[in-house]
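What follows is a short report on a single structure.
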Amino acid sequence: MSTSRATRRDPMADVMPLELLEVAHLLISRGQNELYWERVPLPKRPVGQVRYEVARQAATFVVPLVGLTCAAQIYGATGLLLGLPLAWLGGYFLDLQLKSAIGKKKIRDDMIDAGRYKAVGWLAAQMGMRPDEITLATIRKMNKDYVIVKARMDLELARREEARKAAHVRQSPSSDDVHHDYTPGVVAAAGLGAATAYTSVDEDDDYYDRGQSYSPAVNPANGMPMVAGTYVDVNGNMFGTDTF
């Protein structure tokens, strides 16, 4: 792991950029081994190295060779020929066993590391710190900052989305405003208004001289003649409408 020449920043005192906080949040979400952080201040690469690995690697060649040598000394050329397949199988199984142990150890190391090695190395480079300076307390503090910053960002995005929807609704024509000029209720109201206008005459008007109120002669909604002295046409429709 290498340190960075970047300007040193203190995540315990300042809020880091969101991309750095996200890395800390990911570490916490994976679950961290607190004891491992305490015992190993400088994280190690999880390579899956097993105990006596170098010796076991050498044994995959040495053990078969020793077996062949012993067989040749005891049984001569016949022992050497018969021992070759056995030596090869012995070396193969020793190597297979070692690889299996390394694979299992790598899985255990990855579980203990939980992404710490790569994450800490990258964070140290970005914040100008040494990897051993980034402790579990540092990661936890950055995780708290992430939760707060992310919540504020989500709230702002939700507010903007609501404002966008509200603006869209204001710009869209309401269905109540479309085709409302020809509804029967409006026509009837217009007809009654016209009737009122027709009947609003002065007392000196000739109609009052005849001792009767004026009634319209034609229904403007359908053109049918009105029944004298009423507001109903010959088809039985109220004045200003074409349906009863």
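The values are calculated or read from the model by the stated rules, or taken from the named source; none is laboratory data. Keep in mind it's a predicted model, so treat the numbers as computed, not measured. We place every Cβ from the backbone using ideal geometry, glycine too, and count neighbours over all the protein chains shown. Please note that ligands, DNA and RNA were not included when accessible areas were found on the heavy atoms of the full protein model with its side chains. Shrake-Rupley method; radii C 1.70, N 1.55, O 1.52, S 1.80 Å.
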key: Solvent-accessible surface ranking, highest first, for Arg9, Arg160 at 1.4 angstrom   = Arg160, Arg9
task = Keeping every protein chain in place, order Val120, Val23, Val147 by accessible area at 1.4 Å, biggest value first, i.e. largest first.
result = Val147, Val23, Val120
inquiry  = Not counting ligands, DNA or RNA, and with a 1.4 Å probe, what is Met111's accessible surface area in Å² rounded to the nearest 10?
reply    = 140
The range 46-112 - accessible surface per residue (Å², probe 1.4 Å) = 74
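Report the calculated FRET efficiency for Arg8 and Lys104 (r = Cβ-Cβ distance, R0 = 35 Å), to the nearest 0.05. Please report the intermediate quantities before stating the final value.
Values: r = 40 Å, r/R0 = 1.14.
Efficiency, rounded to the nearest 0.05: 0.30.
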key: Shape metrics for the range 33-157, restricted to C-alpha atoms - Rg then Dmax, Å   = 25.2, 86
ask   = Lys106: which lysines have alpha carbons under 22 Å from its alpha carbon, excluding same-chain residues fewer than 8 sequence positions away?
value = Lys44, Lys118
ask   = Taking Rh as the Kirkwood radius, which is the inverse of the mean 1/r over Cα pairs, what is the Rg/Rh value for the range 46-112?
value = 1.20
Fully extended contour minus Cα-Cα distance, from Asp132 to Ala217, at 0.36 nm per residue = 20.4 nm
note = PRE zone check, label point 7 Å out along Cα-to-Cβ of Asp95, amide N under 19 Å, scope the range 47-66, hits 50, 53-66
ask   = What is the distance, in nm, between label points placed 7 Å from the Cα along the Cα-to-Cβ direction at Arg170 and at Arg56?
value = 7.2
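Taking all protein chains in place and a 1.4 Å probe, what share, in percent, of the accessible surface of the range 1-72 do carbon and sulfur account for? Please report the intermediate quantities before stating the final value.
Details: 2840 of 5070 Å².
Roughly 56 percent, rounded to a whole number.
Would you mind calculating the relative contact order of the range 46-112 from Cα pairs under 8 angstrom and at least 6 residues apart, reporting the percent as a whole number?
53
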